[in-house]
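S.K.: Sending over a structure as structure tokens; questions will come in a sec.
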Amino acid sequence: MNTSASVFGNVHLGYIVIETDRFADWRRFGTDAIGMHHDALSRDLMRFRLDETECRFLLRRGPAEDVVTTGWHIDDHASFEQIEARIRVHGVPVVEGTAEEAQLRGVERLLRFPGPKGITQEIYTTPVTSSAPLQMLASGFVTGDSGMGHVALTSTKPAQIRGYFNTVFDARLTDYIDETISGVKLKIRFLRVNERHHSIAVAATRGLPLDPIRTRVQHLNIQAATLDDVAQSYQRVHELGFNMALSVGQHTNDKELSYYAQTPSGFEWEVGWNPIVIDESTWEPSTMQGISIWGHLPVGQTITDKLAQFRDGARSLARPENTVPALSGAGIPDD
């Protein structure tokens, strides 16, 4: 097996597994606010759909209040086996998911292996589609060749996380953003595995080994089909009493227009529209100043919220961050 041939372009973010005890709040948030399709499986399991794929978000009952797994759709068996071989050759354990686990995720078969920040990574080749019509408030969401959105993390070891996703998926650096928030300087790295501007974003505090976020992920992103979908879901989030993290704005790098709501589990949920699609023949990484062209202003944030965030950051000093060293190596130095 040639493990060096690139799998870039054959990898797509396919599903997310969230562990929560707040099922009633999540159902209202997902269906009534964001506008997704909901399927109740049992008292302890439910799913959200965005398209014909049977599962995009699997919620299972548990105490984490966090994302616990990301699932990656691999286009073909050759790329799937190549990724598996890469992980095994580095001595990292690979476990085949059970038939029940595959069924819950709406896939025919999956492999599981450790990922950065304790987020399990899973890969699969064949998603199961549903013939049941979508019942959702949104007109639709953009998935397809770009995958279903992106995951954003905060990290004290961003080079190692970039190294991990380069080793496993041949992720490419799209660009950087330098941002200062409340006097804290951040550097954000944006990584792509296909034509989507980024499927993974990694934010790090510059000069301080602090992670100010309690949860494993800082936010999840899904892409709405229309600008009206963004505006209407923004209004529903407000009307239903869910917390808004950032108001509507437009990003400097991918040009996506979006807002950020706070989920019942505490991490943020970005609903965006119309990000740019990368042209591999012309794209060159660059560094931009500031995350937004306009908007994305904090909503309802108090000094108490800020103090809590700094407390979380201080706690992170005593909490070692696992980047799966066998797959991240020494990391990739910044360009």
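Every read-out reported here was derived from the displayed coordinates using simple, explicitly stated rules and does not represent laboratory data. These figures come from a predicted structure and were not determined experimentally. When we count neighbours, we look across all protein chains shown, and the Cβ atoms used for this are built from the backbone with ideal geometry, even at glycine.
S.K.: At residue 231 and residue 195, where each label point lies 7 Å from the Cα along Cα→Cβ, what is the point-to-point distance in nanometres?
M.R.: 2.7 nm
S.K.: Counting DSSP beta bridges in the range 11-124, what percent are antiparallel, to the nearest 5?
M.R.: Of all bridge pairs located within the range 11-124, approximately 70 percent are antiparallel.
S.K.: Could you count how many Lys pairs in the chain have their Cα atoms under 21 Å apart, skipping same-chain pairs fewer than 8 positions apart?
M.R.: 7
S.K.: Next up: What shape does the range 144-328 have by the C-alpha gyration tensor, where a ≥ b ≥ c are the square roots of the eigenvalues, rounded means a/c under 1.5, and otherwise prolate means a/b greater than b/c and oblate the rest?
M.R.: Oblate is the answer for the range 144-328, as a/c is 1.5 or above yet b/c matches or exceeds a/b.
S.K.: Here is a follow-up. In the chain, with Lys and Arg counted as +1 and Asp and Glu as -1 at Cβ, which of these residues, 26, 294, 221, has the Cα nearest the positive end of the dipole, that is, farthest along it?
M.R.: So the residue we want is 26.
S.K.: Apply the a/c threshold of 1.5 to the C-alpha gyration tensor of the range 115-249 and tell me whether it is rounded, prolate or oblate.
M.R.: It is oblate, given that a/c is not under 1.5 and a/b is not larger than b/c.
S.K.: Give me the number: length gained by fully extending residue 6 to residue 75, i.e. 0.36 nm times residue separation minus the C-alpha to C-alpha distance, one decimal in nm.
M.R.: Answer, rounded to one decimal: 23.6 nm.
S.K.: Moving on to the next point. Quick check on the chain: of the DSSP beta bridges with both residues there, what percent are antiparallel, nearest 5%?
M.R.: 70 percent
S.K.: Ok, one more. To the nearest 20 debye, what charge dipole does the range 1-133 have about its Cα centre, counting +1 at the Cβ of each Lys and Arg and -1 at the Cβ of each Asp and Glu?
M.R.: For this selection, approximately 260 debye.
S.K.: When the chain is fully extended, how far beyond the present Cα-Cα distance does residue 321 get from residue 280, taking 0.36 nm per residue of separation?
M.R.: Full extension of this stretch gives 11.5 nm more.
S.K.: Cut-off 10 angstrom, C-alpha nodes, Gaussian network model of the chain. Which of 99, 85, 138 fluctuates the most?
M.R.: Of 99, 85, 138, the Gaussian network model singles out 99 as fluctuating most.
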